[in-house]
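The values are calculated or read from the model by the stated rules, or taken from the named source; none is laboratory data. It should be emphasised that the depicted structure is a prediction, and the values quoted were computed from it without experimental measurement. Backbone-built Cβ (ideal geometry, glycine too); neighbour counts: all protein chains shown. For the accessible areas, the whole protein counts, side chains as well, though only heavy atoms, and no ligand, DNA or RNA atoms are used. Shrake-Rupley method; radii C 1.70, N 1.55, O 1.52, S 1.80 Å.
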Amino acid sequence: EIIDEYHTTFGYRYISWDANKGFSINGEYTKLKGVCIHHDQGALGSVQEYEAIYRQLSILKEMGCNAIRTSHNSASRVVIDICNELGILVMEEFFDGWDVSKNHNEHDFSEYFYEDILSSNTVIGVRGQKWFEFVVEQTILRDRNDPCIIAWDVGNELGNVTDVGLINNYDAIAQSIVDITKEADPTRVVLQGNNSPIKESTAIVDKYMDVIGGNYSPECWVSV
C-alpha cells in the first residue's frame, strides 16, 4: 500500500573553485559569463510565468550566457527549475540588504531583518529565530539539492559596508549567515556582492567569504 509518493528531478555534477585556475565543472575549467536578473518580467510583472521565464533564459543562453545571479532575494522555484533544465549555473542571493535600509526606504526588509520571530507565529519559523536566519535557512533547505546552484550570495551591495568601514552588526550578521549556510550546505562557496571601493572593506572577504564578489568597483577585488 502506497502511503506517500514524491517525484523530483535531479542531476549529477561536481564543481571546484581554484585560486589560480578559477571555476571548474565536471573537471573542465569554465568562464562564468553571467548576468544579474531581477524578479520581474517587464509588463507581465513579478508573477512567475514559466513560459516567460523560459523564453528569457533561453535567449540569454543563446547569447552565450551560462550563469545568472539572482537579485536580490531568494529566487523563485520557476527560475531554479528552468536553470536546472537549461544547464545555467546560479549564484543565489539571499538579501538586497541587511539591517541597514536602502535608498532611504526605512520600511524595507531591514525593518524586520534582526527581529525575533514572535512566539505567537505558529505558521513558520522557530521560536527565538531571527527573520534573517529563517530566510537563509529555508532558502538553502529548499534549493540545496538543485545542481544549477554553485554559490550562495549573502547580500547585495550592503549598506553595512561604507566609506568609513563596516557599521552596525556586520560582523555578527556575517558570521551568523556563514555558519547557517555551512551547516545546511557545506558543499558550496559563500560570497557577497561588494561594491565598496574602500580597501578596508575587503577584509570581509578574507574573514568570512570563500570567493571575492566585486560589483562595479574593481578595487573590491584588485586590492585584496
Step by step: first the residues of the stretch 9-19, then only those that are open to solvent by 90 Å² or more (accessible area, probe 1.4 Å) and of a type outside the set (A, V, I, L, M), then the one that is modelled with the highest pLDDT. Which residue is that? TYR14
Within the stretch 29-45, tally of residues that are at pLDDT below 95 and of a type in the set (Val, Ile, Thr): 2
Residues in the stretch 23-53 that are assigned to a loop (DSSP other than H, G, I, E, B), within 20 Å of MET91 (Cβ to Cβ) and not acidic (Asp, Glu) total 7
Filter the stretch 97-106 down to residues that are open to solvent by 80 Å² or more (accessible area, probe 1.4 Å) and either farther than 16 Å from ASN73 by Cβ or among the β-branched types (Val, Ile, Thr) (or both), then give me how many there are. 2
Report whether or not TYR6 is more than 17 Å from the chain's Cα centre (by Cα), exposed (fewer than 12 other Cβ atoms within 10 Å of the Cβ) and either among the polar types (S, T, N, Q) or within 26 Å of VAL135 (Cβ to Cβ) (or both). yes
For the stretch 171-180, state whether one or more residues are within 26 Å of TYR14 (Cα to Cα) and over 14 Å from the mean Cα position of the chain (by Cα). yes
Within the stretch 26-36, track down each residue that is of a type outside the set (D, E, K, R) and more than 19 Å from the chain's Cα centre (by Cα). ASN26, GLY27, TYR29, THR30
Going through the stretch 20-66 one residue at a time, which ones are in contact with a Leu (Cβ under 9 Å, 6 or more places away or on another chain) and either among the hydroxyl-bearing types (Ser, Thr, Tyr) or exposed (fewer than 10 other Cβ atoms within 10 Å of the Cβ) (or both)? THR30, TYR54, SER58
Listed by range, helices (runs of 4 or more DSSP H) wholly within the stretch 54-145 having at least 2 residues that are under 15 Å from the mean Cα position of the chain (by Cα) and at pLDDT 95 or above are 77-86, 131-143
